[in-house]
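Asker: Could you have a look at this structure, given as structure tokens, before my questions?
The values are calculated or read from the model by the stated rules, or taken from the named source; none is laboratory data. All values reported here derive from a predicted model rather than from experimental measurement. Don't worry about glycine lacking a Cβ; one is built from the backbone with ideal geometry, like all the others, and counts go over all protein chains shown. These accessible areas exclude ligands, DNA and RNA; they are computed on the full protein's heavy atoms, side chains included. Shrake-Rupley method; radii C 1.70, N 1.55, O 1.52, S 1.80 Å.
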Amino acid sequence: MIVLKTHHELDLMREAGRISAAALKAAGEAVAPGVSTAEIDKVAHDYILSQGATPAFLNYNGFPATACISVNNEVIHGIPDKKHIIHEGDIVSIDLGAVYNGFYGDNAYTFYCGKVSPAAERLCNTTKEALYVGLKHAVAGGRLGDIGAAIEEYCVSRGYGVVRDYTGHGVGRHLHEDPSVPNYGKPGRGVRLIPGMTIAIEPMINEGAESVNVLKNGWTVVTADGKLSAHFEHTVAITEGECVILTQC
Ligand code: MG
């Protein structure tokens, strides 16, 4: 069931989104050679608590941290670890959310550790652009398939693999609500977008093939071919005009 939000609820979601975005920015600023993913996670955790909010992912289905931190060939759901030190040239995808006043924000960004390879830069730029291509299609009157089709076309035409095993999602009083928001699809198909819908759009794009595996820890999703992956996400509200990005600080 898709839950539409009132104007008041959207204002509350904007607050949760602002905290989520600021926590993501702070975590990104902590990305540097020699830093562990656990240290980056702590920055996000402390920031969210300092705002009187709660980390959305911590203990969600047993996830043990505030942020999912996925490095290089890791796609999503990387578990922060004090033994996982990041190095110059790594790409570091950080996905996190905050709960505030009963509402969730959810966002992700792939950061560079120092200078990265041209191939990594092209992948990250394309994935970020794909998110905004998707947002452009997140308008009332359109269909969910318009968003996915636009993201898919943008990335596949550039030679990348679009992860199909994981998708974006509705978000609101719960981290994951209906509908699923795939990064692939057919224009004009799927759920009609109407004002008051709040969804997380999150392209997960692979340098190589789309196939992924889950590591033995039960969480970390990696590319099957060992190549790089990037991830960008915003929580947005559908309105009569352009969608409103709620995860902004
Ligand atoms: Mg999400």
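Asker: Counting only protein heavy atoms, what percent of the accessible surface of the stretch 123-249 is carbon or sulfur at a 1.4 Å probe?
Answerer: 49
Asker: Comparing Ala237, Ala30, Ala138, which has the greatest mean-square fluctuation in the GNM of the chain with Cα pairs linked when under 10 Å apart?
Answerer: In this elastic network of the chain, the residue with the biggest mean-square fluctuation among Ala237, Ala30, Ala138 is Ala30.
Asker: Still on this structure, please answer the following. Output the pairs from Lys25/Lys82; Lys42/Lys115; Lys115/Lys186; Lys83/Lys227; Lys5/Lys216; Lys128/Lys186 with a Cα-Cα distance over 29 Å in this structure; if there are none, say none.
Answerer: Lys115/Lys186; Lys5/Lys216
Asker: Give me the accessible area per residue for the chain, probe 1.4 Å, as a whole number in Å².
Answerer: 42
Asker: Continuing with this model, one more query. Measure off, as a whole percent, the carbon and sulfur share of the 1.4 Å-probe accessible area of the stretch 1-112, all protein chains present.
Answerer: Whole-percent figure for carbon plus sulfur exposure: 54.
Asker: Is it possible to state the helix-based mean residue ellipticity at 222 nm for the chain, with each DSSP H run of 4+ residues giving -39500 (n - 2.57), the sum divided by total residues, to the nearest 500 deg cm²/dmol? What is it?
Answerer: -9500 deg cm²/dmol
Asker: Here's something else I'd like to know. By per-residue mean of other Cβ atoms within 10 Å, what is the highest-first order of 141-147, 105-111?
Answerer: Descending mean neighbour count gives 105-111, 141-147.
Asker: Right, another one. Once the other residues with Cβ under 12 Å from the Cβ of Ile199 are scored (Lys, Arg +1; Asp, Glu -1), what is the net sum?
Answerer: Taking every other residue near Ile199 into account, the sum is -4.
Asker: How much net charge surrounds Arg189 when only other residues with a Cβ under 12 Å from its Cβ are counted (Lys, Arg +1; Asp, Glu -1)?
Answerer: With Lys, Arg at +1 and Asp, Glu at -1, the neighbours total +2.
Asker: Using the Cα gyration tensor of the stretch 7-245, with a ≥ b ≥ c the square roots of its eigenvalues, what is the shape: rounded (a/c below 1.5), prolate (a/b larger than b/c) or oblate (neither)?
Answerer: oblate
Asker: I've got another one for you. Sorted by average packing, counted as other Cβ atoms within 10 angstrom per residue and highest first, what order do 225-232, 32-39 take?
Answerer: So the order, starting with the most tightly packed, is 225-232, 32-39.
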